[in-house]
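The next block holds one structure in the form of structure tokens; read it before the comments.
The values are calculated or read from the model by the stated rules, or taken from the named source; none is laboratory data. Everything numeric here is computed off the predicted structure, so don't read it as measured data. With ideal geometry, Cβ positions are generated from the backbone for all residues, glycine too; neighbour counts draw on all protein chains shown. Heavy atoms of the whole protein, side chains included, go into the accessibility calculation; ligands, DNA and RNA do not. Shrake-Rupley method; radii C 1.70, N 1.55, O 1.52, S 1.80 Å.
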Amino acid sequence: MGTLWIVATPIGHVDDISLRAIEVLKTVDGILAEDTRHSGRLMARLGITTQLKACDQHKESQVAVWLERHLAQGKSWAYISDAGTPGISDPGGRLAEHVTEAGHIVRVVPGPSAVTAAIMGAGLVAQPFLFVGFLPRKQGKIERLLTQYASLDVTIIFYEAANRLEKTLTLCESAFLGRRVVVGRELTKMHETFHRGRIGEPLKPAFVDKGEVVVMIEGGVELHVQSDVQPMKRILSDANLTKKDKIKRLKEQHQFSRNEAYDLVEWWRSEETP
Ligand code: SAM
């Protein structure tokens with residue numbers, strides 16, 4: 001049976017391509033690519049010589065009709081977008097929809113995506129999160145949407161171009177003022193940076209408005225990891241508690257085993273004593 005493979009490609013660092021992705025891209029009858037010139041460069045670096053055919057977001061339905069014939073003849077094709085995971089703010093979804101509706105098989109090779117990379121390094125509690133792709137361009141629409149999102153009390157994640165970030169973050173102020181925000185910029189590339197701050201204050205380190213970014217605005221502040229960490233640190237640094245008291249409290253209040261609590265108290269003491 002012919003199969004359509006939906007394959008994720010790197011979002012920056014070429015070595016993030018998976019072994020399985022390379023295998024599939026080498027062995028299919030052809031690769032549909034959002035932009036053949038762009039993907040041609042990646043294929044050349046990976047030594048993949050499979051034929052490429054263009055399939056951008058405006059052509060998904062037309063290509064689907066063409067593809068169905070090939071799949072019916074037992075051929076297999078792959079779809080790749082310019083970067084990352086097809087279907088995540090990229091084409092691919094409609095193609096898969098047409099192909100499954102026609103009764104053919106769709107298989108996936110998951111891999112890099114800017115949204116998951118950003119969550120990995122953000123240092124925020126991301127669950128639950130709402131990924132909204134790109135925000136609309138019109139200011140009124142953005143503000144209306146942000147107000148709706150703010151009422152959900154979940155971490156909001158969206159894509160943005162670095163040169164529009166400052167303006168977009170200013171628009172976020174009326175709905176999210178004071179919430180923690182992390183901006184992941186140029187992830188997996190040479191200048192990968194995570195900028196952290198609160199909505200309403202400048203991002204640190206100083207933001208360079210070039211490249212690609214993912215914005216994460218923290219929701220449910222109750223979920224902070226710090227809400228557990230601070231009380232533990234208070235016990236560890238309390239000069240009025242004996243070692244035994246500290247171990248007892250860590251066991252009772254923070255679910256440590258006796259050995260874990262003992263090790264933690266010892267380690268903390270060695271760090272405090274120069
Ligand atoms: N399909 C891709 C994915 O899985 O992440 C997203 C494609 S979307 C057209 C492009 C947007 O993703 C960029 O404008 C940027 O917001 C985000 N993005 C892509 N690569 C990125 C990277 N290396 N670092 C930060 N953001 C990135």
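Data table
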quantity	calculated
Accessible surface of the chain, 1.4 Å probe, proportion on carbon and sulfur as whole %	51 percent
For Trp77, solvent-accessible area (1.4 Å; no DNA, RNA or ligand), Å²	10 Å²
³J(HN,Hα) computed for each position of the range 53-68 - Karplus, 6.51 cos²θ - 1.76 cosθ + 1.60, integer Hz, glycine/proline x	10, 6, 8, 8, 5, 7, 10, 4, 5, 4, 5, 4, 5, 5, 5, 4
Between helix 139-152 and the chain: long-axis angle, C-alpha atoms, 0 to 90°, nearest 10	50 degrees
Placed amide H near Lys53: partners under 5 Å, 5+ positions off or other chain	Ile31, Leu32, Ala33
Restraint check, Lys59/Lys167; Lys59/Lys138; Lys59/Lys189; Lys189/Lys210; Lys141/Lys189; Lys26/Lys53, Cα-Cα greater than 23 Å	Lys59/Lys167; Lys59/Lys138; Lys59/Lys189; Lys141/Lys189
14 Å beta-carbon shell around Arg269, net charge (K/R +1, D/E -1)	-2
Eligible aspartates and glutamates near Lys233 by straight Cα distance, threshold 19 Å, same-chain separation 8 or greater	Glu222, Asp245, Glu252, Glu260, Asp263, Glu266, Glu271, Glu272
Estimated FRET transfer efficiency when R0 is 25 angstrom, pair His13-Asp82 (beta carbons, to 0.05)	0.95
Heavy-atom accessible area order for Tyr149, Tyr262, Tyr79, largest first, 1.4 Å probe	Tyr262, Tyr149, Tyr79
Under Karplus coefficients 6.51, -1.76 and 1.60, residue-wise ³J(HN,Hα) of the range 250-263 in Hz, glycine/proline x	5, 5, 6, 9, 10, 6, 7, 6, 4, 5, 4, 5, 4, 4
Å² of accessible area per residue within the range 3-112, as computed with a 1.4 Å probe and no ligands counted	50 Å²
Cα gyration tensor shape of the chain, rounded if a/c is under 1.5, else prolate or oblate by comparing a/b with b/c	prolate
Summed residue charge, Cβ within 14 Å of Val14's Cβ, Lys/Arg positive, Asp/Glu negative	0
Cα gyration tensor shape for the range 3-112, rounded if a/c is under 1.5, else prolate or oblate	prolate
